[in-house]
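Structure record follows, encoded as structure tokens.
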Amino acid sequence: MPGPWQPATVLAVRTETASAKTFTLRLPDPRPHLPGQHYIVRLTAPDGYRAQRSYSVASPPGGDTIDLTVEHLPDGEVSRFLHEAVMPGDTLEVRGPIGYFAWDSKTPVLGVAGGSGVVPLMAMLRAARRDGHPGLIQLVVSVRTPADLYYSRELPGPDAAVVYTRQIPAGFSRPAGRLTLADLAPAIRGHQVAYLCGSSAFCDSAASLLRDLEVPAARIRVERFGPSG
Amino acid sequence: MAFTRGFTGRRQQDPRLPPGQYDAGADWPVLSAESTPSIKTDNWTFTVDGLVESPVTWTWEQIHALPAARYEGAIHCVTSWSKFGMRFDGVSVDTLLETARPMPGAAYVMARSHTGYTTNLPLEDVTGGKAWVVWGVNGGPLPDIHGGPARLLVPHLYFWKSAKWVSGLQLMDHDEPGFWERNGYHDHGDPWLEQRYQGD
């Protein structure tokens, strides 16, 4: 359950890609999140006008900071402000953690991410790696080009495959193309819960592939990232 | 009130927008915790049971034979988008309850879906012309992804109360949390009071 609004201090702003930045926030009242959950960021103008949006936590739980990775959407009122105006030392009102798209850190996970949908799954992957359970989560990330890959110092890896839909990096053997059964099959283990995150169309197509791989619908969780500013 | 340094907002707040909401314009974002089911209308049913004089189940044909009802107006999602000028077609929940006849003790309903999703509402929020079961949107059939073939529509509350793929209403004498409500969302969900999460 989310706590009250709290004023978080921006400690660092990091560029992930041309359209994504990660904001490290220090929380005065830290509340442990489950990997996969999100926070709301609320902006308030001097005249009382407010705008708020939800952003997934990219960092594993622990400590008094969270990393929120924010995609700069073309017409996004909040994401544009965060990208263009916010700098270390600023205060942002946040509330969280929130969400059912959450991992208990024990259940084996198949994570399937499209583009910016990697953010909540990265929190899971980082938690598993940090806690000495590599392989408990198997991640498959689909991005358009190498320049679109978030967290490229940590991806790909033995527990995280990356597929490219438009353009492949040098030395990569899989041709560019949409996610297929052959991309997902190597990541399937027994007793996994599948966490799908990305655009609505991506999630539907990934869910359909998982059904073909006989993953029961009851073991599929979906978080759809839409245009939400 | 704590201001955000440098933030002025890009426009005046539209008076039709509840606090903290923005106009999604032409987009209709999709949010659901499950993969999208494909539900055939051949064996679709809708049931009203619990504290009613006469539990009733309608088939797809039977529910379409009831008097048609339309909602035109706004919808508000807890993730902060709102949409204006929506038109939904279906049947009023009042019509369904006239047949099932709620017992005097009935005060709450649990809406349930063919997927197992649930959401709880006070009975007074689904009666008096405030709630519908809808299968049409903006002149076409309701798509799977938005809860088709039929969803509950309770547009004066946040949209998670408008259960997608709805399969029935159970009338109860007490309130119980549904799916999102067990996960921290508000039991009532009035967007004008910003009842997003438990405790708001």
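Look at (1) surrounded by fewer than 16 Cβ atoms within 10 Å (Cβ to Cβ); (2) touching a residue at least 24 places away in the same chain (Cβ under 8 Å); (3) under 28 Å from A:Gln52 (Cβ atoms) and you find that B:Ala111 fails only one, number (1).
Scanning the stretch B:1-14 for residues that are modelled with pLDDT of 85 or more and more than 7 Å from chain A (Cβ to nearest Cβ) yields no hits at all.
The single condition among (1) assigned to a loop (DSSP other than H, G, I, E, B); (2) in contact with a helix residue (DSSP H, G or I) (Cβ under 8 Å, 6 or more places away or on another chain); (3) within 9 Å of chain B (Cβ to nearest Cβ) that A:Leu73 does not satisfy is (3). Of the residues contained in the stretch B:189-196, one or more are found to be within 14 Å of another protein chain (Cβ to nearest Cβ), in contact (Cβ under 8 Å) with a residue 12 or more places away in the chain and surrounded by fewer than 22 Cβ atoms within 10 Å (Cβ to Cβ). Would the stretch B:4-21 turn up any residue that is assigned to a strand (DSSP E or B) and of a type outside the set (Asp, Glu)? Scanning the stretch B:4-21 turns up no residue that is assigned to a strand (DSSP E or B) and of a type outside the set (Asp, Glu).
A:Phe101 passes every criterion in (1) more than 14 Å from chain B (Cβ to nearest Cβ); (2) part of a loop (DSSP other than H, G, I, E, B) apart from (1).
Pairs linking a residue in the stretch A:174-201 that is more than 14 Å from every other protein chain (Cβ to nearest Cβ) to a residue that is of a type in the set (Gly, Ala, Ser) and not in a helix (DSSP H, G or I), with Cβ atoms under 7 Å and 6 or more positions apart or on different chains, are A:Leu179/A:Ser142; A:Asp183/A:Ala161; A:Ala187/A:Ala161. Inspect the stretch B:96-103 for any residue being more than 13 Å from chain A (Cβ to nearest Cβ), of a type outside the set (D, E, K, R), over 26 Å from A:Ser200 (Cβ atoms) and in a loop (DSSP other than H, G, I, E, B) and give the result as yes or no. So far as the stretch B:96-103 goes, yes, one or more of its residues are more than 13 Å from chain A (Cβ to nearest Cβ), of a type outside the set (D, E, K, R), over 26 Å from A:Ser200 (Cβ atoms) and in a loop (DSSP other than H, G, I, E, B). In the condition set (1) within 11 Å of chain B (Cβ to nearest Cβ); (2) at pLDDT below 95, A:Val10 is compliant with all but (2). Comparison of A:Pro32, A:Pro28, A:Pro2, A:Pro7 shows that the only residue that is part of a strand (DSSP E or B) and farther than 20 Å from A:Gly115 by Cα is A:Pro7.
The values are calculated or read from the model by the stated rules, or taken from the named source; none is laboratory data. Keep in mind that what you see is a predicted model, and the values were worked out from it rather than measured. Counting neighbours? That spans all protein chains shown, and the Cβs are built from the backbone with ideal geometry, glycine included.
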